[in-house]
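Engineer: Okay, here's the structure, questions in a sec.
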Amino acid sequence: MRWLVLAAALLVLIAGGAALYSYNYINDASRFSVQPVEILIQHGDSLPVIANELKQSGVIELAWPFIWLAKYQDKDQEIKAGEYHFEGNVSLIEILEKLVQGSVVTYEVQLREGARLEEYLVLLRNTEKLVNDLSDVTPENILERLQLRTIATHGEGLFYPDTYQYRRGESASSVLRQAFKLMNQELSRAWFSASDEIHVDSKYDLLIVASMIERESHIEADRVRVSGVIHRRLALDMYLQIDPTIIYALGEDFRGRLRSRDLRMDSPYNTYRFKGLPPSPICAASGEAIRAAANPAPGRELFFVSRGDGTSQFSETLSEHNQAVARYILNR
């Protein structure tokens, strides 16, 4: 009987020691000191495959304790696919929680304000770790290819310039879908808070105005004044005479300075020859430019010219404008 008691006590000690060791093994972050490493878990990877990848990458010492822990906690089916970064001291349970929570590595790509859509397409086609599904996508067919609903006939200006996060293996088009959705949100907010001084009939027309403002000025105080000039000219049925619309039409033929013959070109983007708005935005307008388009500065100014330092000189009369041109352009 005495031996049975001793044996039972020994088993309890062994079990307790094993439990304590297991607890420490699972929770002790100092046990695993991981060198910086990324591992990729694919959709459909089994638990043993995942455990072996962790072991091969040096994240864990042995595969079976990780497998046992995942099954014991009933989380073996909850591990998310994606790319994970591990570094420094980390416990086994922390490793499992990271995989279950889907704390994957994210990257960033910036869509520059004032850029054309073709620039976005080139950038995203060549962005590291994005799956390129834009090889045969153009500004003309992008709306159909991505199945984006809009009144526009092509995609220029419809994608909001911002910095977007993505995960390894996501499609390049997914970034554009985010940008399209965000542009609609920004444009709707501006449209419903617009002042009575605007002279356009739709959100799309407002976006066209915003794109011209974007290309004309990067100074916030000047942008609302440029907006005022554009809306007043629209109200008076004047030619808008916006140089960046012609530059947009010229494309790669633009050589850094507009020539007299450029101002005579037969294009609906030539706002020196055709009244009203050009047929589409000419670039990706920032939120600031969109808000300026919706809230033009009051006044009587009908002209503006660049001073050459990023700011603009505004005038109410053609005589004043000609003097400004002579000062800031001809004498430059």
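Engineer: Mind checking which aspartates and glutamates have their Cα closer than 20 Å to the Cα of Lys80? Skip sequence neighbours fewer than 8 apart in that chain.
Structural biologist: Correct list for Lys80: Glu38, Asp45, Glu53, Glu94, Glu97, Glu170.
Engineer: Give me the distance in nm between label points sitting 7 Å out from Cα along the Cα-to-Cβ direction at His199 and Thr138, one decimal.
Structural biologist: Placing both labels 7 Å beyond Cα along the Cβ direction yields 3.6 nm.
Engineer: Assuming 0.36 nm per residue, please report the length gained on full extension of the stretch Val49 to Tyr239 beyond their Cα-Cα distance. Spell out each step's value before the answer.
Structural biologist: Numbers: separation 190, 0.36 × 190 = 68.40 nm, distance 6.72 nm.
Length gained between Val49 and Tyr239: 61.7 nm.
Engineer: So what is the relative contact order for the chain, in percent, with contacts set as C-alpha pairs under 8 Å and at least six apart?
Structural biologist: Result for the chain is 15 percent.
Engineer: Kindly state, to the nearest 0.05, the FRET efficiency for Ser319 paired with Thr106, given R0 = 45 Å and r defined as their beta-carbon distance.
Structural biologist: In this case the efficiency is close to 0.20.
Engineer: Could I ask something else about it? Given the -39500 (n - 2.57) contribution per DSSP H run of 4+ residues, what per-residue ellipticity at 222 nm results for the chain, rounded to the nearest 500 deg cm²/dmol?
Structural biologist: -13500 deg cm²/dmol
Engineer: Excluding residues fewer than 8 places away in the same chain, name every one of the lysines whose C-alpha is closer than 26 Å to that of Lys75.
Structural biologist: Cα-Cα hits under 26 Å: Lys55, Lys98.
Engineer: Which of these values of volume of the Cα convex hull per residue in Å³ was calculated from the structure shown: (1) 195; (2) 144; (3) 172?
Structural biologist: Only one option fits the structure, namely (1).
Engineer: If you average the alpha carbon positions of segment 38-56 and of segment 194-260, how far apart do those two centres end up, in angstrom?
Structural biologist: Segment 38-56 and segment 194-260 have Cα centres spaced 54 Å from each other.
Engineer: If you don't mind, there's one more thing I want to ask. For Lys275, list the aspartates and glutamates whose Cα falls under 17 Å from its own Cα; do not include residues on the same chain fewer than 8 positions away.
Structural biologist: Asp201, Asp205, Asp237, Asp243, Asp262, Asp266
Engineer: Let me ask something else. Once you have the alpha carbon radius of gyration of segment 280-332, what is it after dividing by 2.2 N^0.38 Å, with N set to its residue count?
Structural biologist: 1.35
Engineer: Kindly report the accessible area of the chain per residue (heavy atoms of protein chains, probe 1.4 Å, no ligands, DNA or RNA), in Å².
Structural biologist: It amounts to 55 Å² per residue over the chain.
Engineer: Residue farthest toward the positive end of the dipole of segment 167-226, with Cβ of Lys/Arg at +1 and Asp/Glu at -1: which of Phe180, Val200, Val226?
Structural biologist: My answer, from the dipole projection, is Phe180.
Engineer: How big is the equivalent ellipsoid of segment 127-209 along its three axes, where each semi-axis is √(5λ) from the Cα gyration tensor, reported in whole Å from largest to smallest?
Structural biologist: 28, 15, 8
Engineer: Calculate how steeply helix 63-72 sits against the longest principal axis of the alpha-carbon atoms of the chain, using the helix alpha-carbon long axis, and give the answer as 0 to 90 degrees to the nearest 10.
Structural biologist: That helix lies at roughly 90 degrees to the long axis.
Engineer: Taking all protein chains in place and a 1.4 Å probe, what share, in percent, of the accessible surface of the chain do carbon and sulfur account for?
Structural biologist: Taking all protein chains in place, the chain shows 50 percent carbon and sulfur surface.
The values are calculated or read from the model by the stated rules, or taken from the named source; none is laboratory data. Just so it is clear, the structure is predicted and the values come from calculations on it, not from any experiment. Glycine also receives a Cβ, built like all others from the backbone with ideal geometry; neighbour counts cover every protein chain displayed. Just so you know, the surface numbers come from the protein's heavy atoms only, side chains and all, with ligands and any DNA or RNA stripped out. Shrake-Rupley method; radii C 1.70, N 1.55, O 1.52, S 1.80 Å.
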